[in-house]
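Asker: Input: one structure, supplied below.
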Amino acid sequence: ICDLCSLWLILIMLNILVNCGTRAQRHRSNAVAVFCSHIFKKNRDLTKAWRGKTEQLLRVDEHDFTMRPAFGGPAIPVGVDVQVESLDSISEVDMDFTMTLYLRHYWKDERLSFPSTNNKSMTFDGRLVKKIWVPDVFFVHSKRSFIHDTTTDNIMLRVFPDGHVLYSMRVTVTAMCNMDFSHFPLDSQTCSLELESYAYTDEDLMLYWKNGNESLKTDEKISLSQFLIQKFHTTSRLAFYSSTGWYNRLYINFTLRRHIFFFLLQTYFPATLMVMLSWVSFWIDRRAVPARVSLGITTVLTMSTIITGVNASMPRVSYIKAVDIYLWVSFVFVFLSVLEYAAVNYLTTVQERKERKLRDKFSCSCGIPHSKTMMLDGNYSESDANSLAGYTRNQMVPEEEKPEKMVVHLAMSNESNSSRKRGLKGHVGLRIIQNTHAIDKYSRLIFPGTYIFFNLIYWSVFS
């Protein structure tokens with residue numbers, strides 16, 4: 001009897017071990033399962049078990065994901081929202097901008113639905129993206145773009161039990177921006193980043209903003225050195241291609257206003273100072289030829305350097321910019337100041353030549369030894385008449401019969417000849433200075449007044 005009992009116990013133990021090893025017969029009693037857990041002390045690898053469970057839930061290998069969801073049926077709606085992380089740069093020369101953003105897509109693919117008791121989603125990285133269908137959205141008019149890959153591809157895929165999918169990526173894109181520089185640097189620019197499906201027309205894929213204008217989020221810390229970001233907004237419309245058809249296109253629009261202070265310091269103030277410096281020549285003696293000529297040439301060359309520096313940092317547009325108007329008008333003022341001195345110098349030379357010819361014409365002895373001839377207008381003063389003391393007055397018209405101009409023949413003795421000649425030259429020189437000085441005198445008022453009037457019109461129009 002004892003041998004039979006021992007044999008019976010051995011058979012029972014063998015049966016329990018078989019049940020624990022196979023794990024296929026899950027309808028066994030809880031007592032057996034508890035007993036097995038005590039026998040197998042090592043826990044199972046949940047990562048490996050979950051991996052097999054995921055593949056079984058998503059059934060990736062059971063479907064052809066080269067075709068869009070609901071192929072042959074109505075267009076699949078794909079919602080889009082964007083969060084702008086940074087606006088990296090704006091280039092006037094290349095007419096483009098660089099932006100870093102989070103681009104998110106939302107759609108439903110019933111092929112990815114799976115049963116779930118708690119309605120929790122599953123999140124994956126970029127490795128699963130290559131095995132399923134995702135929207136083929138691209139950036140229209142983009143020059144360069146890339147998905148960040150540090151420390152791994154910045155791609156996230158989230159799948160919900162009912163088949164809804166969230167596909168997010170972090171992208172940096174450089175896109176074209178058509179800029180109008182007619183008011184530069186007092187301008188505002190509006191740029192757009194355009195998104196569109198590359199292969200699917202509006203009959204296969206309906207691209208839309210998921211939450212309207214709320215679909216675009218921006219970081220409050222976004223700032224640029226030269227621009228003030230005024231407004232971000234979204235729009236959408238259809239785009240037509242003659243070869244392929246109509247496509248849904250989404251737009252991210254933003255308006256930038258340029259900061260003027262940098263250009264005031266680097267362009268407007270130096271140009272204004274050069275114009276004011278050119279006016280200094282109006283107060284310099286007309287006979288100081290080297291001083292006035294060198295000052296005029298220096299201001300002209302400086303204005304040319306400023307104009308060249310501004311145009312070097314700008315695209316070669318075929319229309320006139322606001323800064324061009326200001327700089328070229330300033331250049332004209334500087335150049336006119338040089339021409340003004342050229343006119344003063346020329347008129348001075350001409351008048352001196354006329355005075356010399358006039359003295360030579362009326363200087364004859366007329367039978368009187370050592371006599372000199374002068375021509376005076378009718379407005380000579382008493383001091384001028386008194387200065388003729390020592391001369392021998394041969395002919396003189398009485399004061400009540402003086403015409404506008406009269407010729408006075410003066411005979412002088414030998415001893416006073418040279419001293420009177422010096423006095424006559426000083427008188428003529430004073431008249432020349434007075435006549436030519438009028439041009440500089442008027443220029444001191446006309447040039448500043450005209451330039452101030454130009455500035456009032458310029459800043460009222462372009463600001």
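The values are calculated or read from the model by the stated rules, or taken from the named source; none is laboratory data. None of the values given here were measured: they were computed from a predicted structure. When we count neighbours, we look across all protein chains shown, and the Cβ atoms used for this are built from the backbone with ideal geometry, even at glycine. These area figures cover heavy atoms from the full protein model, side chains too; ligands, DNA and RNA do not enter into them. Shrake-Rupley method; radii C 1.70, N 1.55, O 1.52, S 1.80 Å.
Asker: Quote to one decimal, in nm, the extra length available between Leu166 and Thr305 on full extension: 0.36 nm per residue of separation minus the C-alpha distance between them.
Answerer: Working: separation 139, 0.36 × 139 = 50.04 nm, distance 5.61 nm.
Difference between extended and current length: 44.4 nm.
Asker: Starting from the 7 Å offset along Cα-to-Cβ, what nm value, one decimal, do you get for the label separation of Ile325 and Tyr346?
Answerer: 3.1
Asker: Rolling a 1.4 Å sphere over the protein heavy atoms, what is the accessible area per residue of segment 189-284, to the nearest Å²? Display every interim value, and only then the final one.
Answerer: Numbers: 5390 Å² over 96 residues.
Accessible area per residue: 56 Å².
Asker: Once you put a point 7 Å from the Cα of Ile147 and another 7 Å from the Cα of Arg353, both along the Cβ direction, what distance in nm separates them?
Answerer: 8.4
Asker: What is the packing order of peptides 333-340, 226-233, taking the mean over residues of other C-beta atoms within 10 Å and listing the highest first? It would help to have the intermediate numbers written out before the result.
Answerer: Details: 333-340: 19.0, 226-233: 13.6.
In decreasing order of mean packing, 333-340, 226-233 become 333-340, 226-233.
Asker: Can I ask one more? Using a Förster radius of 60 Å, what is the FRET efficiency between Asp285 and Thr255 based on their Cβ-Cβ separation? Nearest 0.05, please. Spell out each step's value before the answer.
Answerer: Details: r = 56 Å, r/R0 = 0.93.
That pair, Asp285 with Thr255, gives E of 0.60.
Asker: Sticking with the crude label model, points 7 Å out along Cα→Cβ, report the distance from Leu224 to Ser313 in nm, one decimal please.
Answerer: So the label points at Leu224 and Ser313 sit 1.4 nm apart.
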